[in-house]
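Asks: To start, I am sharing the structure in question, which I have written as structure tokens.
The values are calculated or read from the model by the stated rules, or taken from the named source; none is laboratory data. On a predicted model such as this, the values are computed, not experimentally measured, just so you know. No Cβ is skipped: glycine too gets one built from the backbone with ideal geometry, and neighbour counts run over all protein chains shown.
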Amino acid sequence: MSNGKTIAFFPEGAYGPALNSVGIAQACKALGHRPVFICDPGFRGVFAEYGFEEYELSLSEPMPPEEAARYWSDFVDKHIPSFRKTPLEQLDNYVRECWEAIVDTARWAQKGLPAVLAEIKPDLICVDNVILFPAIKQCGVPWVRIVSCSENEIPDPDIAPYLSGCAAGDSEGFEKFRRRYREVLEPVHRDFNQFLHECGEAPYPPGVFVEESPWMNLLLYPKAARFERRNPLDPERFQYLEGCVRKEAPYQIPEFSVSQAWPLLYVSFGTLGAGDIGLMKRLISTLGRLPYRVLLNVGDYLAEYTEVPANIHLSPWFPQPSVIPQVDVVIHHGGNNSFTECLYFGKPALIMPYVWDGHDNATRVQETGHGLKLSRYDWTDAELATALDILLRDEAVQRRLRDTSTQMQARSGARKAAEILNDLLRAQVEAKSHAC
């Protein structure tokens, strides 16, 4: 557009949605727009590091930094036992408590979000979250929903329910999970509908916490992993992005005091998974005895590891989109950014899920022949070694990944998203012009 517009991005306070939005914002900036970010104080500086303005909004009761750090540490410690449970078993604990916290964030956001939006004066809002913020709908400008989690966040009778990890065609499992999901979350959902009523919004159906945008909904899922829906999504309001990979600074692979010919692995379980130190130490012990070089993301827990094998390099953080193209296999938790980035760069994934849509993505990567699913805890050293060997040597998997990567990179999800947003803004300008 000849005159750049202000686009407010409001991702969930987690690195997956946040960094996905960065990729789209980078492409919007290249088109001449002004992307800005609304973020919780805990994410202060994350978006500024990429050159974007930040507008802070408290999504929870403010607390001193040391108390906030302790809260997160306590949260991880409390829920690590839940990581061993099935998706169905997690509904009564991890999932329910997460939804309670998410509803609380919506209530807190409503206190300050109208004022923040009034300060920004956006022409368009992009929200990537699993819950509705009434102030977004009430701002008076178009808003776009970004679905950076698994595609089944948009439900369909013929696909696995969101968070279930069910295999394709398991209709009995679908119904069992849906029924229990509604039962467990009924009181949380009732509280949320009361909040909607207080904000002048209509209630949602049981189990639903967010609606589709009437303007546009962007899904990260690539065509190669897409579900077979009974009711196809209308392309006028739903567009698939074929992933959405941000640009990061180049990464130099460190020198290892082992053979440089050994295949290179990248291991990352996200911010939450890094707190599972017992599992991480077990992986370090096993991978330390195998002929691989390993880059392993340990988050904020680097000090916990005092003895590290020579073939393993630990770091609190890696610029993932710059690392994955250089490795041979990725071991991850099923987060959607990791899921789509592996497909985008054509790298086989061994997914060891533990919560949320990681279960869905782990099932999907195996169903579509782009990788393997492995239990997070119930594996032997031999099973892990065999899975890695299969991913390195299986020609069908490698060929499928090459085809998927070629398709995704030819389309560039971030650029496609920016063009969709640009068209939406242009349509709004033209509509106003005709009205005058």
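Asks: Pairs needed: first member in the range 27-47, touching a residue at least 40 places away in the same chain (Cβ under 8 Å); second member anywhere, polar (S, T, N, Q) and in a loop (DSSP other than H, G, I, E, B); C-beta distance under 7 Å; at least 6 residues apart or different chains.
Replies: Going by the 7 Å Cβ cut-off, there are no qualifying pairs.
Asks: Residue pairs, Cβ under 6 Å, 6 or more apart or interchain, first in the range 253-269 and small (G, A, S), second surrounded by 14 or more Cβ atoms within 10 Å (Cβ to Cβ). List them.
Replies: S268/N297; S268/H332
Asks: Turning to a different aspect of this structure: Does A417 meet the test of being more than 11 Å from P348 (Cα to Cα) and buried (at least 19 other Cβ atoms within 10 Å of the Cβ)?
Replies: So A417 fits the description; yes.
Asks: Mind listing just one residue for me: the one in the range 78-100 that is assigned to a helix (DSSP H, G or I) and free of Cβ contacts under 8 Å to residues at least 24 places away in the same chain and, of those, nearest to E175 (Cα to Cα)?
Replies: Checked the range 78-100; the qualifying residue nearest to E175 (Cα to Cα) is E89.
Asks: Would you check if A417 is assigned to a helix (DSSP H, G or I), small (G, A, S) and either modelled with pLDDT of 95 or more or within 21 Å of the chain's Cα centre (by Cα) (or both)?
Replies: Here the answer is yes, as A417 does meet what is asked.
Asks: When the range 24-47 is examined, which residues are found to be among the β-branched types (V, I, T), modelled with pLDDT of 95 or more and surrounded by fewer than 24 Cβ atoms within 10 Å (Cβ to Cβ)?
Replies: V36
Asks: Just to check your reading of the model, which residue among E341, E367 is modelled with pLDDT of 95 or more, among the acidic types (D, E) and touching a helix residue (DSSP H, G or I) at 6+ places or on another chain (Cβ under 9 Å)?
Replies: Criteria check complete, one pass: E367.
Asks: Go through the residues of the range 391-413 one by one and say whether even a single one is under 20 Å from the mean Cα position of the chain (by Cα), assigned to a strand (DSSP E or B) and small (G, A, S).
Replies: No, the conditions are met nowhere in the range 391-413.
Asks: Given the criteria modelled with pLDDT of 95 or more and under 21 Å from the mean Cα position of the chain (by Cα), does Q326 qualify?
Replies: So Q326 fails the test.
Asks: Quick one: count up the residues across the range 278-301 that are assigned to a helix (DSSP H, G or I) and not charged (D, E, K, R).
Replies: 10
Asks: Looking at the range 215-262 only, could you name the residues that are in a loop (DSSP other than H, G, I, E, B), more than 14 Å from N337 (Cβ to Cβ) and in contact with a Ser or Thr (Cβ under 8 Å, 6 or more places away or on another chain)?
Replies: R237, A249, P250, Y251
Asks: Next up: May I ask you to say which residue of Y15, Y50 is hydroxyl-bearing (S, T, Y) and at pLDDT below 90?
Replies: Of the residues listed, the single one that is hydroxyl-bearing (S, T, Y) and at pLDDT below 90 is Y15.
Asks: Which of the residues spanning the range 366-390 are touching a residue at least 60 places away in the same chain (Cβ under 8 Å) and buried (at least 24 other Cβ atoms within 10 Å of the Cβ)?
Replies: H370
Asks: In this structure, does L117 turn out to be in contact with a strand residue (DSSP E or B) (Cβ under 6 Å, 6 or more places away or on another chain), at pLDDT 95 or above and farther than 28 Å from R229 by Cα? Lay out the reasoning, then the answer.
Replies: Numbers: in contact with a strand residue (DSSP E or B) (Cβ under 6 Å, 6 or more places away or on another chain): no; at pLDDT 95 or above: yes; farther than 28 Å from R229 by Cα: yes.
Answer is no for this residue.
Asks: Is it the case that I331 is of a type in the set (V, I, T), in a strand (DSSP E or B) and in contact (Cβ under 8 Å) with a residue 40 or more places away in the chain? Talk me through it step by step, then tell me what you get.
Replies: Working: of a type in the set (V, I, T): yes; in a strand (DSSP E or B): yes; in contact (Cβ under 8 Å) with a residue 40 or more places away in the chain: yes.
Considered against the rule, which asks whether it is of a type in the set (V, I, T), in a strand (DSSP E or B) and in contact (Cβ under 8 Å) with a residue 40 or more places away in the chain, I331 comes out as yes.
Asks: Go through the range 87-112 and report how many residues are within 22 Å of E54 (Cβ to Cβ) and touching a Cys at 6+ places or on another chain (Cβ under 9 Å).
Replies: Of the residues in the range 87-112, 1 are within 22 Å of E54 (Cβ to Cβ) and touching a Cys at 6+ places or on another chain (Cβ under 9 Å).
Asks: Ok, one more. Hey, any hits in the range 102-115 for a residue that's out of contact with any Leu (no Cβ under 6 Å at 6 or more places or on another chain) and under 23 Å from G413 (Cβ atoms)?
Replies: Within the range 102-115 (the criterion being out of contact with any Leu (no Cβ under 6 Å at 6 or more places or on another chain) and under 23 Å from G413 (Cβ atoms)), the answer is no, since none of the residues qualifies.
Asks: Looking at the range 185-201, can you tell me whether even one residue there is more than 30 Å from C39 (Cβ to Cβ), under 21 Å from the mean Cα position of the chain (by Cα) and at pLDDT 95 or above?
Replies: No, there is no match, as no residue in the range 185-201 is more than 30 Å from C39 (Cβ to Cβ), under 21 Å from the mean Cα position of the chain (by Cα) and at pLDDT 95 or above.
Asks: May I pose another question? Hey, could you check the range 135-156 for residues that are assigned to a strand (DSSP E or B) and not basic (K, R) and say which is surrounded by the fewest Cβ atoms within 10 Å (Cβ to Cβ)?
Replies: Among those residues, the one meeting the criterion is W143.
Asks: Can you tell me how many residues in the range 1-50 are under 15 Å from I125 (Cα atoms), in a loop (DSSP other than H, G, I, E, B) and of a type in the set (K, R)?
Replies: The number of residues fulfilling the criteria is 1.
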